[in-house]
Amino acid sequence: MVNQNKMLEITHIIEKCEPFLSLNSAFIEINSLLKNSKFNKENGFRYIAKDPLMTCIVLSKAANSVDNGRILTLKKAVEILGEDSLKNIFSQQIMQETFLDSRKDENEDFWLHNLGVGIISKIICENTIYSSKADELYFAGLLHDLGSYVIKKYFKNDYQIIQEIVGKDPNKRLLLAEKKVLGVTHQEIGTFYATKMNLPKSIINVIRHHHYVDSSMDDKQNIAIVMVANNLAKGMKFGKSDNFYLEPIPDWVWRYLQLDQTMYYQIISDIQDKFDIATAFIK
Ligand SMILES: [Fe+2]
Ligand SMILES: [Fe+2]
């Protein structure tokens, strides 16, 4: 049983924490652009938009720099901050992250899972009646597992214990293991963190409910799309999620998205192509 002190510790850590980064190929690319004085808004955007934590920092800093908070798109956030602030943000982060013990290999697969979910969410939108939401859903998919990043960063020991529990039984639900060890899931931890970072409400709702669309009252379409994308990313082996459990998607979700069998096969090859293009820069 998780005690009250654990919950207090979690809330306290998240209240105090600063935005952070994790080492992966997209971050390394930004690092080398900065080192070679080749960083600008355009090429910066290209790699920031591939990574949940860099996107989170930019949205958060832009939200903090305006009066009414919450910036809805990364493009707008990049415009608000401008090139010098962006350089500043990532230069500072590089200084810090270079000295941390994080290794690219450990983080790369989880990052690719998140990127995959973003790409798939976008393609589902483009092939359904939700095409106008494609960009919004790309970022919701990219950021859906933000809470797992927070657990890996701030609750390392708990993360190890959770992985041991899940690792012993591939069908063991990650959420149950998280509840047992932390008292809360990565959905809830992600929600605390995203709220603190002033992320848009529609992204927060996806973070909060992406494993159980039925538990949400709002943004159900967005959540349903990311839930399907999350399962497809696991099935297509894009990177590695924290668990391999494929959640049963309620029948109504498929009807709701108006995905038929033929479209599904077209989408699969499109998804593979777009994922290959998005990751072609990785050395
Ligand atoms: Fe998740
Ligand atoms: Fe996921």
Across Lys156/Lys201; Lys87/Lys133; Lys237/Lys274; Lys153/Lys283; Lys152/Lys196, pairs whose alpha-carbon gap is larger than 23 Å: Lys156/Lys201; Lys87/Lys133; Lys153/Lys283
Exposed-loop cut sites defined as chymotrypsin sites (Phe, Trp or Tyr not before Pro) in DSSP loop states with at most 16 other Cβ within 10 angstrom; longest site-free run of the chain spans 100-211
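Could you work out the helix-only [θ] at 222 nm for the chain, with each DSSP H run of four or more residues adding -39,500 (n - 2.57) and the total divided by the number of residues, to the nearest 500 deg cm²/dmol?
Roughly -21500 deg cm²/dmol at 222 nm, from the helical runs in the chain.
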Which entries in the list Lys220/Lys240; Lys16/Lys180; Lys38/Lys75 go over 22 Å, if you measure between the two C-alpha atoms of each? Lys220/Lys240; Lys16/Lys180
Cα-based convex hull, the chain, per residue volume (Å³, whole number): 134
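Every number here is computed from the coordinates shown, using simple stated rules; none is lab data. As the structure is a computational prediction, the values presented were derived from the model and not from experiment. As a convention, Cβ positions derive from the backbone with ideal geometry for all residues, glycine included, and neighbour counts pool all protein chains shown.
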